[in-house]
Structures are given as structure tokens and as C-alpha cells.
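Undergrad: What follows is a structure written as C-alpha cells; I'll ask about it next.
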Amino acid sequence: MRTTIRGKNLTVSDNDRAYIERKLQRLERMLDDRSDAEVELRLEGNRKVADSHIVDVALSIDGQSLRGNAAASTFREATDDVIDKLERRTVEYKQRPRDRRRAEQARYSGAPAGDGDVVQLEEPGAEAPLVVKVKRFAIEPMFEEDAVSRMEELGHTFFIFVNAENERVAVLYRRRDGRYGLIEPVIGGGYGPDE
């Protein structure tokens with residue numbers, strides 16, 4: 001596995017670098033030489049000391065991206081947390097193709113999919129809508145300008161955050177014209193006019 005470790009506006013110490021490389025070996029056992037790992041360390045001064053050290057890890061496995069991040073009082077603690085998360089996700093990722101093949105075979109043969117699961121037989125070509133990915137992440141209060149910066153930093157077209165001004169969940173998105181839109185969900189509310 002090819003590994004890149006860098007600090008955002010900080011220099012990564014040799015001790016932290018060696019620790020991260022050693023921890024990544026846990027994932028390396030499950031992955032092949034074509035996999036990549038990008039690790040970014042950063043300090044957030046506006047957070048509590050207990051979660052000011054942030055470690056972001058992006059894995060590239062067979063062209064698919066697997067990401068994780070953790071915040072703790074030290075880079076080592078954050079590394080331990082994020083590697084634990086990614087190890088579970090990597091195991092799930094590696095298991096999924098086998099589960100899909102079993103379910104597909106059972107769909108047409110009428111046999112159980114394994115592990116006690118029973119697959120309901122469907123007509124070939126009748127696909128039910130299916131959630132194929134679930135992503136969980138910590139969100140923190142921030143101002144709209146900070147959310148725009150973070151979204152651009154990540155290279156995403158949308159970003160979910162808690163608006164620090166009103167403490168509500170908001171979705172920031174890039175419009176086709178290059179500007180930004182903001183969605184502020186209201187529970188039980190109707191649709192408002194498009195502004």
C-alpha cells in the first residue's frame with residue numbers, strides 16, 4: 001500500500017509518522033499493493049483540547065474511496081480511533097461482494113443466501129430501490145463561510161454542517177452557476193418559495 005502522510009499547516013514529527021505507518025500496517029494486511037492511503041494531520045485551535053488533534057485518512061481500494069477521520073487530544077489517540085473505524089469499514093467493504101454474489105445466486109435459485117438470511121424471490125430485472133452506502137460523520141457548529149471553505153477543501157459539491165448562528169442542521173451545495181445554495185430543513189414545515 002502506498003502511503004502519504006502530511007500535516008496541514010504543521011510539520012509531522014518523525015515519531016508521529018512512524019506511529020501512523022505502524023498502525024496502517026493493520027489495514028495493509030487486508031489490502032493489496034494497488035491501494036493508496038493519504039493521511040492528513042491538522043490542529044484545530046477553536047476546538048476543545050480533548051478533540052483538537054484531527055487525523056483524516058482516505059483509502060483508495062480498487063478505485064473506490066474509503067474515508068475516515070477522528071479527533072482526540074493527541075495525534076496518536078486520533079490515529080488509533082480512525083484506524084479502528086477504517087479497519088471495520090475495510091472488512092465490510094471486502095465482505096460486500098461475497099454477500100452480493102450469495103444474494104444474487106439465491107434470488108434465482110430459491111436457496112437461502114447464507115447465515116440464515118432468506119432472500120425473497122423477485123422477477124429478473126425487478127430492482128427495488130436500495131441504499132448502497134451509509135456514511136456517518138461528526139458535524140460541528142460553524143459559520144456559512146467556514147462551511148464553504150471546508151467544502152472546497154474537501155472538493156465536494158455539498159456539505160452538511162450545524163449553522164453556528166441558529167444551531168440548526170444545514171446543507172450547503174454548489175449551484176450550476178458556481179455560486180452556493182443553503183438548505184435549512186424544518187421539521188413538519190412545508191416547502192417555501194425558491195429564493
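The values are calculated or read from the model by the stated rules, or taken from the named source; none is laboratory data. Just so we're clear, the structure is a prediction, and the values are computed from it rather than from any experiment. Please note: Cβ atoms are built from the backbone with ideal geometry, for glycine as well, and neighbour counts cover all protein chains shown.
Undergrad: Are any residues in segment 147-161 surrounded by 15 or more Cβ atoms within 10 Å (Cβ to Cβ) and not charged (D, E, K, R), and if so, which ones?
TA: Residues satisfying the conditions are ALA147, VAL148, MET151, PHE159, ILE160, PHE161.
Undergrad: One residue is enough: does segment 166-181 have a residue meeting the conditions within 22 Å of ASP51 (Cα to Cα) and modelled with pLDDT under 90? So that I can check it myself, show each step before the final result.
TA: So the first thing to find is which residues in segment 166-181 are within 22 Å of ASP51 (Cα to Cα), and the list is 167-169.
When the remaining residues are screened for being modelled with pLDDT under 90, the result is 167-168.
Checked against the condition, which is being within 22 Å of ASP51 (Cα to Cα) and modelled with pLDDT under 90, segment 166-181 yields at least one hit.
Undergrad: Would you confirm whether or not segment 11-27 contains a residue that is closer than 24 Å to LYS135 by Cα and part of a strand (DSSP E or B)?
TA: For segment 11-27, residues closer than 24 Å to LYS135 by Cα and part of a strand (DSSP E or B): absent.
So that you can scan it fast, the table gives a plain yes or no per residue for (1) among the acidic types (Asp, Glu); (2) in contact with a Ser or Thr (Cβ under 7 Å, 6 or more places away or on another chain); (3) modelled with pLDDT under 90:
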{"position": "ARG26", "(1), (2), (3)": "no, no, yes"}
{"position": "ASP33", "(1), (2), (3)": "yes, no, yes"}
{"position": "ARG47", "(1), (2), (3)": "no, no, yes"}
{"position": "ALA50", "(1), (2), (3)": "no, yes, yes"}
{"position": "ASP62", "(1), (2), (3)": "yes, no, yes"}
{"position": "GLY68", "(1), (2), (3)": "no, no, yes"}
{"position": "PHE75", "(1), (2), (3)": "no, no, no"}
{"position": "ALA78", "(1), (2), (3)": "no, no, no"}
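Undergrad: Being over 22 Å from LYS135 (Cβ atoms) and in a strand (DSSP E or B) is the filter; apply it to segment 42-60 and report the residue that is farthest from the chain's Cα centre (by Cα).
TA: Filtering segment 42-60 for residues over 22 Å from LYS135 (Cβ atoms) gives 43, 45-46, 48-50, 52-53.
Restricting the remaining residues to those that are in a strand (DSSP E or B) gives 43, 53.
Numbers: LEU43: 19, HIS53: 18 Å.
Applying the filter and picking the extreme gives LEU43.
Undergrad: Please work out which one of (1) closer than 30 Å to ASN163 by Cβ; (2) at pLDDT below 80; (3) assigned to a helix (DSSP H, G or I) is the condition GLN95 fails and give its number.
TA: Unmet for GLN95, out of (1) closer than 30 Å to ASN163 by Cβ; (2) at pLDDT below 80; (3) assigned to a helix (DSSP H, G or I): (1).
Undergrad: I'd like the full set of residues that are surrounded by 12 or more Cβ atoms within 10 Å (Cβ to Cβ) and among the basic types (Lys, Arg), limited to segment 9-49.
TA: Those that are surrounded by 12 or more Cβ atoms within 10 Å (Cβ to Cβ) and among the basic types (Lys, Arg): ARG17, LYS23, ARG26, ARG42, ARG47.
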